[in-house]
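In what follows, a single structure is set out as structure tokens and then discussed.
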Amino acid sequence: MTTEERLEILEQELARATRRNYWFLAGLGLAVGLLAVGWLFTGFVTRTVKEVRASKFILLDENGKTRASLSVLGDGPALGLLDENGKPRAVLSEYKEGSGLGLYDENGKPRAVLLVSRIGTNLSMYDENGKGRANLGVDKDGPSLGLLDENGKNRAALVMDKDGPRLALADENEKVRAGLAALKDGPKLALADENGKNRAALTVDMKEGTFLVFVDEKGKPRAMLVHLKDGTGLLFADENGKPIWSAPR
């Protein structure tokens, strides 16, 4: 092989090496550039935002539908969560008198509402028609529980105060028909007619004894069974409440 042929081969190898180095350097430059862009992008995304000021925030899903809203209403801020049909399902709000949380069903009707105010705390629960069926509250006097029927009539109430617990049961006309109390001086049971008038009462007095009284529709006691420390007695009275027979005499 002549000297000219060797030089030609060396020139060809040098040219190929130069091209390889060019593409390597170009690829390295591109990689470095991509790394720099990635670093800049990452720095932009992960950079902490110390403060954002706005009067309203709207959160959208992948279909562009509103799913959450944070805004300031007349009395205070409110956060609302909506389902895919645009129905409100939860609302958290703060107002002048306190704060509240409302939970709604798929038809947009309230099912539970929690309110906290200066008066106290109240939890109301509703049926599928949006009618109130139960109320649980706590105020300065103590806790209370109320149950309502499908017509919104008060049918049962349980109250706890400084005197003790009391339970009242009412009919469809909201007339109290039965009452049970456990007071400081002893338990009491009262049964009433459709007019709300007491017709029978059972009382246990911690000091005196036990009394069972039957009353007519005019409110006159007609019969009484008494158990005292010194014995038991039975008394019957006329329509004017005057005793007509008793035992022992």
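Legend: P(r) of segment 170-249 from all alpha carbon pair distances, 5 Å bins from 0, whole percents, reading 3, 15, 20, 21, 19, 14, 5, 2, 0. Per residue of segment 183-193, in order, report the coupling 6.51 cos²θ - 1.76 cosθ + 1.60 (Karplus, θ = phi - 60°) as ³J(HN,Hα) in whole Hz, putting x for Gly and Pro. Calculated HN-Hα couplings, in order: 9, 5, 8, x, x, 9, 10, 10, 10, 10, 8 Hz. Computing FRET efficiency as 1/(1 + (r/R0)^6) for LEU228 and LYS109, where r is the C-beta to C-beta distance and R0 is 41 Å, gives about 0.10. Relative to the current alpha-carbon distance between GLU217 and GLU94, full extension at 0.36 nm per residue lengthens the span by 39.1 nm. Taking 26 Å as the limit for the C-alpha separation, the pairs LYS109/LYS162; LYS140/LYS184; LYS87/LYS131; LYS184/LYS229 exceed it in the case of LYS109/LYS162. Across segment 209-226, rounded Karplus estimates of 3J(HN,Hα) from the backbone phi angles (6.51 cos²θ - 1.76 cosθ + 1.60, θ = phi - 60°) give x, 10, 10, 10, 10, 10, 10, 7, 5, 8, x, 8, x, 10, 8, 8, 10, 10 Hz, Gly and Pro being marked x. Each residue of segment 64-70 was assigned a 3J(HN,Hα) from its phi angle through the Karplus expression (A = 6.51, B = -1.76, C = 1.60, θ = phi - 60°), giving x, 8, 6, 10, 7, 9, 10 Hz with x at Gly and Pro. Straight-line cross-link reach from LYS218 at under 19 Å between alpha-carbon atoms covers these lysines, not counting any fewer than eight positions away in the same chain: LYS175, LYS197, LYS242. Note on segment 58-87 and segment 137-190: Cα centroid distance 40 Å, given to the nearest whole angstrom. Among rounded, prolate and oblate, which fits segment 58-139 when a ≥ b ≥ c are the square roots of the eigenvalues of its C-alpha gyration tensor, a/c under 1.5 means rounded, and a/b larger than b/c means prolate? Cα axes put segment 58-139 in the oblate bin. At an R0 of 45 angstrom, the distance between the Cβ atoms of LEU169 and ASN85 translates into a FRET efficiency of 0.65. The ranking of TYR126, TYR95 from fewest to most other beta carbons within 10 Å of each one's beta carbon is TYR95, TYR126. Listed by Cβ neighbour count within 10 Å, with the fewest neighbours leading, ASP185, ASP171 appear as ASP185, ASP171.
Rule-based calculations on the coordinates, nothing more; no lab input. Treat the numbers as computed from the prediction; the structure is a model and nothing was measured. No Cβ is skipped: glycine too gets one built from the backbone with ideal geometry, and neighbour counts run over all protein chains shown.
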